[in-house]
Structure formats: structure tokens, C-alpha cells
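Working notes for the structure below.
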Ligand SMILES: Cc1ncc(COP(=O)(O)O)c(C=O)c1O
């Protein structure tokens with residue numbers, strides 16, 4: 001073991017991109033915390049498989065309990081049932097699988113979608129800023145990428161609800177079946193917030209499933225003063241939020257909430273003889289017991305709730321709030337520093353803890369400006385003191401500073417901005 005640990009220090013640690021470092025501010029920065037690491041280690045020590053309630057009563061019950069705690073922390077309605085999967089990508093796919101079970105007459109569970117001349121064209125809608133996991137879900141579920149309609153965004157990069165309504169109307173009159181909308185609260189690129197209340201209204205009008213991707217941004221709603229970011233989400237059919245993004249829980253832990261656990265089960269429940277148990281939901285003496293294998297593709301399920309339970313209990317809701325509140329404070333401060341520098345230009349609103357901007361020397365435009373910022377970022381990264389990432393805002397190259405690591409302080413962010421400025425000066 002000494003030798004293995006020695007090799008770990010010698011080979012693995014120096015060859016790692018340290019997401020757990022306070023100067024990691026790329027993508028959506030995350031953190032594992034002592035409590036989370038302990039929970040994760042104990043999950044491995046117990047090594048239970050929470051497929052059936054009886055194969056791990058504690059893991060099943062704790063998953064439902066922690067999901068209910070998180071639901072309350074986020075201010076979501078009591079009829080939102082929550083389960084944990086590895087990632088938001090899985091959960092969005094599960095939600096869209098459930099969405100087509102709203103109409104059992106389509107018989108997709110039984111007959112699939114291949115060579116079905118009896119099915120109308122089915123469409124799913126999201127904004128042009130939605131995460132690529134939505135594309136992957138429609139590819140995997142057999143809808144095909146052409147079934148995903150990307151709705152344009154307004155000047156704040158939010159889905160244009162008027163266009164959504166118009167496109168759906170057009171599809172309906174052409175005999176298509178608009179199935180679901182994926183709205184985003186906190187887009188990956190610029191953290192824009194789609195107008196969920198308006199989108200919910202459109203979905204209700206057409207009996208469409210509304211899935212909200214709040215993987216990153218949703219966590220902010222644990223702050224009473226930020227709860228508005230989930231406005232309208234009480235009307236969603238499903239919502240995903242990732243404790244492994246901004247809630248200090250180690251990878252992987254993604255929460256899926258739905259008002260229709262029955263439809264999620266209809267999409268995924270398939271019980272072979274050797275897994276039939278008397279307490280299976282709806283049957284036998286233990287009616288009401290959940291077998292979590294019924295809510296997704298995985299049979300074998302890790303005890304992911306344990307680390308979240310450790311994190312929520314050890315920090316407490318107020319403790320978690322104070323860290324997130326501070327991240328938002330620092331991000332707003334960073335925005336002020338950027339706004340007061342004539343050579344820096346902010347490219348998006350700061351809705352959460354992520355700031356999107358570029359260095360903009362007077363007179364520089366177009367491709368030259370993009371290349372300048374790409375080079376600048378490369379120079380910052382090569383110095384290996386901070387890790388920032390990039391995106392494109394309406395085609396223009398932009399830098400992103402995402403504050404989400406529990407150890408990141410104002411000083412780290414100040415330093416990151418200084419490094420950007422130094423790299424800009426160095427040319
Ligand atoms: C808005 C949004 N949705 C989904 C995802 C995918 O999350 P996961 O890595 O858990 O699949 C991301 C990742 O950053 C994201 O930003």
C-alpha cells in the first residue's frame with residue numbers, strides 16, 4: 001500500500017487537473033468536501049446495491065429522504081418525487097423517456113419508434129443555448145436530432161417564449177405531436193434563465209411535458225433571496241439539479257424530481273422473475289415501498305445519497321446558504337471590477353456565480369478579437385496557477401470565471417483577473 005500511495009503521489013496527483021483547487025474556476029467549478037469524501041468512502045465500504053428496497057433498505061430510504069430535504073431546501077412542491085442518478089445527462093434522458101409515456105396510446109414502450117408509420121412526427125423543444133445533454137438524449141431515445149427544435153433566444157440569451165409558442169402551433173397544424181420542452185435555469189455558456197412561467201403555460205396549453213434543466217443554477221434557490229430563479233418550476237413535470245455541481249458533494253450526484261413517478265416507472269420498470277419481490281410497489285404487503293431500479297436504466301445503483309446526507313447534515317442548510325451567498329457576492333464584485341475596466345467587457349448578466357467577459361482593446365474586432373482572447377486564455381492556462389474556461393456568446397469568443405469551489409475566496413478571483421490582465425498586456 002505504501003508503494004501504491006507513493007505512486008499515487010508521484011504519478012497521479014501531478015497529472016491531475018485539480019477541480020478541488022480554489023483556483024479552479026473553469027466550466028462549473030465544483031468541490032468535494034470532507035463530509036462528502038467521508039460519505040463517499042462509507043458508500044464504498046458498505047458497497048450496497050440499491051436496486052430493490054430489500055437489497056438496501058437504508059440506501060433506498062435515505063435517497064428518498066435526502067431528495068425530500070433538498071426539495072424543501074429548493075422550495076419545490078411536496079408532490080415532487082426525487083431520485084438520484086449519476087449525472088444530469090442521464091436524468092434529462094429519463095425525463096424525456098417519461099414524457100412520451102404521457103400518451104400510452106403511442107405504444108412506444110412496446111413497439112418503439114422504428115419503422116412506425118402510424119406515429120406522427122414527434123418534436124422536443126429547447127433553446128439554442130440548452131446543454132448538449134438534450135441533444136444526446138434525443139439521439140439515444142431514438143427521436144433523432146432532427147426531432148429537437150432549437151428555439152432562438154432574446155438579448156439575454158433566454159428562450160424566446162413567443163417563438164416557442166409559434167413553432168409549436170405550426171407543428172400542430174402540420175399534424176405533428178409536440179411532446180416536450182426542456183427549459184434551462186442557468187445555461188452552461190452564460191447562465192441565462194429561460195422564462196419558465198411562460199413556457200409552463202405553453203406546455204399546459206398543449207399538454208406537453210416540461211423538463212427544467214437547473215443542473216447548476218437550481219442550487220441558488222436554497223437562498224430565500226434567490227428562490228425566484230425557480231419561478232414557474234412548480235409547474236414543471238420534471239426538474240434536474242446537481243448537488244455535484246454547486247452543493248459541495250463529490251461527483252457523482254444528480255437529483256431528478258418529477259410530479260409523475262408513475263410515468264418514470266412506466267418508462268423504465270421491467271422486472272425479471274429473479275427480481276420479483278412481494279413488496280414491489282403496488283403489490284403485496286409492502287405496498288408503497290420503492291424499488292429504485294424502476295426509475296432509470298441502471299439496475300445496480302450506488303448509495304449516492306449517503307454523501308449528500310453527510311454534506312447537508314454537516315454544513316446545515318444555513319451553512320450551505322452562506323457559502324453559496326458568498327460565491328454570488330464575489331461574482332458580482334468581479335462583475336464590478338470588469339465593468340470599471342475600460343479594456344474589459346462583460347458579455348452576460350451575472351445571474352449566479354459565473355462571469356462571462358473578454359479583453360477588448362480599443363479598435364480590435366471580429367476574428368482578431370476572438371483570437372486575441374483565445375491566445376490570452378492559453379497564456380493564462382500555461383502559467384498553471386488558475387484554470388479558467390471559454391465559451392462563445394453569439395459567436396464571439398469569451399472567457400468564463402465560474403466560482404463554485406468551496407475554498408475559492410475573493411483573493412483567488414482577484415488574482416485570476418490580474419492574471420488575465422497580465423496576459424493581455426503581455427500580448
Ligand atoms: C445546464 C447543464 N445541464 C446539464 C449539464 C450536464 O451535467 P452532467 O455532467 O451532470 O451530465 C451541464 C454541465 O455542465 C449543464 O451546465
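Structure notes:
- For the chain, DSSP calls about 55 percent of its internal beta bridges antiparallel.
- Over the chain, the alpha carbon radius of gyration divided by the compact-protein estimate 2.2 N^0.38 Å works out to 1.03.
- In the chain, helices alone account for a calculated mean residue ellipticity at 222 nm of -12500 deg cm²/dmol, with every DSSP H run of four or more residues adding -39,500 (n - 2.57).
- Of the peptides 29-40, 234-245, 104-115, 190-201, the order by per-residue mean of other Cβ atoms within 10 Å, starting with the highest, comes out as 234-245, 190-201, 29-40, 104-115.
- By average C-beta atoms within 10 angstrom, highest first, the peptides 248-257, 375-384, 78-87: 248-257, 78-87, 375-384
- Shape analysis of region 190-235 yields a ratio of the Cα radius of gyration to the Kirkwood radius, Rg/Rh, of 0.99.
- Compared with the dominant Cα axis of the chain, that is its longest principal axis, helix 196-205 is turned about 30°.
- 0 to 90° range, to nearest 10: angle between helix 161-173 axis and the chain longest Cα axis: 40 degrees
- A simple packing score, the average count of other Cβ atoms within 10 Å per residue, orders the peptides 170-181, 360-371 as 170-181, 360-371, with the highest score first.
- Rg(Cα)/(2.2 N^0.38 Å) for region 1-119, N = residue count: 1.54
- Cα centroid of region 60-76 to Cα centroid of region 161-239, whole Å: 22 Å
- Between 0 and 90°, nearest 10: helix 305-339 axis offset from the chain longest Cα axis: 40 degrees
- One Cα centroid belongs to region 396-427, the other to region 316-373; the line between them spans 9 Å.
- Counting every other Cβ atom within 10 Å of each residue's Cβ, 149, 156 order from fewest to most as 156, 149.
- Coarse-grained scattering of region 228-319 at q = 0.15, 0.20, 0.22 Å⁻¹, given as base-10 log I(q)/I(0) from a Debye sum over alpha-carbon atoms: -0.79, -1.13, -1.20
Since every read-out is calculated from the coordinates, none of them should be taken as a lab result. Please read these numbers as outputs of a predicted model, since none were measured by experiment. A quick note on method: Cβ atoms are made from the backbone with ideal geometry, for glycine too, and the neighbour counts reach across all protein chains shown.
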